[in-house]
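S.K.: Structure below; questions to follow.
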Amino acid sequence: MDVDNTLEPALMPRPLPAHDESALPCGARWRGRGAAIETHEHVELPLGERDTGANAVAAPAPQLASRDAELWLLARRTQGAALRLDFELRTGLVRQVFRRDFVYVSRQLHGLEASRRVQGLDRARLDDALAALQQRADDVQALLRRIATDLEAAIAARGPAGASIAFARPARFQATIVSPIAHRYLALLTAADETLARLEMAWLLGLVEPANRSALISDCRRALHGFKDLACSRRQAVGELVREVNAQRRQGATTGEDDGAD
């Protein structure tokens, strides 16, 4: 999908079916002949509903992206500092993308930023590469905003008042930020997570057909993957320029040594 195209999710116009808003019991009670047997099953509460009393269990440490240590080593060799940000992801797609791609994409983006220090590099071509990534980030952000706005409008118009969504396994993460544009990439991931959470709510309310739900999830996946591909291709192109500059510098040094020998 071209992220510049306006997305028109097909939302169901029919009213919601009647529903029972009474609270469900936490345990199932079974009554046998002559005796009542109550069974209790552990239920993992969403964040915000955990026990905060004396028996509360400490929250687990936030998860890191795969090979996160590489980013800290990269930052230590260059600017000597890295930003650490904690955040929550609720949807499986974005959790997978963060774990799998965040370090890789961050390395590509950091390499582009670090190329500014290469003397003799064509700054215009580097600036074009960075501008293309910023524009793609704007396009992805606009796509996610359009989807979220359409879903919010449908929920507000045809959803029950006070409806909210909770996820069984929300997870806390920590990201290591080594360049400004990597921070922008993280913002895209969290925006995608919020949009997909709205999509799940609209689907559970019966406002989105299953096929349209799958299509919108695929749109978000392709948009995030497209940013990753662009970061990789622009990093490779600028890397070729850097190698050419270094080769010319080595050739110049060799020529100077030959001239001195003559």
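Read the figures in this text as sums done on the coordinates, not as results from a lab. Keep in mind it's a predicted model, so treat the numbers as computed, not measured. Glycine gets a Cβ as well: all are built from the backbone with ideal geometry, and neighbour counts include every protein chain shown.
S.K.: For R84, R136, what's the fewest-to-most ordering of other Cβ within 10 Å of each Cβ? Each step should come with its number before you reach the end.
M.R.: Numbers: R84 12, R136 20.
Fewest-to-most ranking of R84, R136: R84, R136.
S.K.: Ok, one more. If R0 is 35 Å, what FRET efficiency do you get for T149 and A237 from their C-beta distance, rounded to 0.05? Please report the intermediate quantities before stating the final value.
M.R.: Values: r = 35 Å, r/R0 = 0.99.
Computed FRET efficiency for T149 and A237: 0.50.
S.K.: Now a separate question. Compute the FRET efficiency between W72 and Q96 as 1/(1 + (r/R0)^6), taking r as their Cβ-Cβ distance and R0 = 30 Å, and round to the nearest 0.05.
M.R.: Working: r = 23 Å, r/R0 = 0.75.
Efficiency computed from Cβ-Cβ geometry: 0.85.
S.K.: I'd like the distance separating the alpha-carbon centroids of region 59-101 and region 119-140, in whole Å.
M.R.: Rounded to whole Å, the Cα centres lie 24 Å apart.
S.K.: Between I165 and D86, 0.36 nm times their residue separation minus their Cα-Cα distance comes to what? Each step should come with its number before you reach the end.
M.R.: Values: separation 79, 0.36 × 79 = 28.44 nm, distance 2.17 nm.
Net length gain for the segment: 26.3 nm.
S.K.: Here's another thing I want to ask about it. Using the crude model of +1 on Lys and Arg Cβ and -1 on Asp and Glu Cβ, and no other charge, please compute the dipole size for region 63-252 relative to its Cα centre, in debye to 20. Mind showing how you got there, number by number?
M.R.: Values: 30 positive and 21 negative charges, 140 e Å.
Dipole size: approximately 680 debye.
S.K.: Right, here's the next one. Which net charge results when you count Lys and Arg as +1 and Asp and Glu as -1 among the other residues whose beta-carbon is under 14 Å from that of S115?
M.R.: So the environment of S115 carries a net charge of +2.
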